Amino acid sequence: MSHKIFSTFCLILFLSINALGQEFHTIENAVRMDNGCIMLTADKPYQRGIAYCKTKLDLSKYFEIEFDIFLGDKNELGADGITFVIHNDVRGFRAIGTWGECMGYGRWNRGYYGGNYIAPSIAVEFDTYQNYRQNDPACDHVAYLENGTNYHTVYYNNKDAKFNLEDGALHNFRFRWEPQIKKVTVYLDNVIVHQGTRDLIKDVFQGKTQAIWGFTASTGNKHNLQFFCLRRWATAKPSTKSASQSTSVR
Ligand SMILES: [Ca+2]
Ligand SMILES: [Ca+2]
């Protein structure tokens, strides 16, 4: 390793938070697995599992968080999916949303403000079951959500009417926030699945810069094993592609 590459490597390590050292609060069916990942739901009906990292995010600074997620291996008989959530709900580390199609994040209907939902918040859903109330397409999809509303009008399905995430494989997920340009970028398996400009601190989090983050998931009558594995938490932009990859935990 040349001196320059080694220096870059050390700098990136210094600017990254130790992904493996992070601890999570777990709620209801969420439990830590032997492989260091966190199971959100077992392959059983009517589960709800939520896990929040004990270290909060600082939205005034750049970050990129990378995970592998597992959404099960049953396509037709599987449900419901998981969400990656960043929130400032007054319930803090005990915040929950509704089960079933709301994936432990949102509420039954966009116009109904009863029941459990997490707000203020943003989320990315990985939805594996069609629900008409939430305007879901027939296929699995990824969508950006806010303030405990699962209803969405745009989604990513790779323009594939049979897009399926319940394929028994891990899928790589990255969420990047660039506060200088107020840009959110979401990758699934190295493809951009959502990109948007939004003043998260002012327009979503009411001026607050500290936020809780984690995952929510649920099942209903149909079900799948669902879990996530934190791989990397970078607090600075990588200067080179090779340096970025060197911080990954595999
Ligand atoms: Ca759904
Ligand atoms: Ca599917």
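No lab work stands behind these numbers, since they all come straight from the coordinates. Please read all numbers here as calculations on a predicted model, not as lab measurements. Quick reminder, even Gly has a Cβ in these numbers, built from the backbone with ideal geometry, and neighbours come from all protein chains shown.
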_Given charges at Cβ of Lys, Arg, Asp, Glu: the stretch 104-250 dipole, positive-most of 236, 165, 143_ = 236
_Could you work out the pair-distance distribution P(r) of the chain from its alpha-carbon pairs, with 5 angstrom bin width and percents rounded to whole numbers?_
1, 7, 14, 19, 20, 18, 11, 6, 3, 1, 0, 0
_Estimated [θ] at 222 nm from DSSP helical runs (n ≥ 4, -39500 (n - 2.57)) normalised by residues in the chain, nearest 500_ = -2000 deg cm²/dmol
*Mean Cα-pair separation over length for the stretch 138-250, i.e. relative contact order, pairs under 8 Å, 6 or more apart, %*: 14
*Nearest 0.05, what FRET efficiency do residue 237 and residue 154 give at R0 = 30 Å with Cβ-Cβ as r?*
0.65
*What angle, in degrees between 0 and 90 and rounded to the nearest 10, separates the Cα long axis of helix 3-15 from the longest principal axis of the Cα atoms of the chain?*
40
*Using θ = phi - 60° and the Karplus curve 6.51 cos²θ - 1.76 cosθ + 1.60, what whole-Hz ³J(HN,Hα) does each residue of the stretch 137-145 get, with Gly and Pro shown as x?*
x, 5, 8, 4, 6, 10, 8, 8, 10
*So, with +1 on the Cβ of K and R and -1 on the Cβ of D and E, and no other charges, what is the size of the charge dipole of the stretch 3-246 about its Cα centre, to the nearest 20 debye?*
820
_Estimated distance in nm for a label pair at residue 132 and residue 90, the labels positioned 7 Å out from Cα along Cα-to-Cβ_ = 3.6
*asked:* With a 10 Å cut-off between alpha carbons and a GNM built on the chain, which of 97, 207, 72 moves the most?
replied: 207
*Rank 199, 136, 80 by mean-square fluctuation in a GNM of the chain with C-alpha springs under 10 angstrom and give only the top-ranked residue.*
199
*Could you work out which residue, out of 163, 67, 215, moves most in a Gaussian network model of the chain, that is, has the largest mean-square fluctuation with Cα springs under 10 Å?*
163
*Can you give the charge dipole size of the stretch 184-244 about its Cα centre, rounded to the nearest 20 debye, using +1 on the beta carbon of Lys and Arg and -1 on the beta carbon of Asp and Glu?*
140
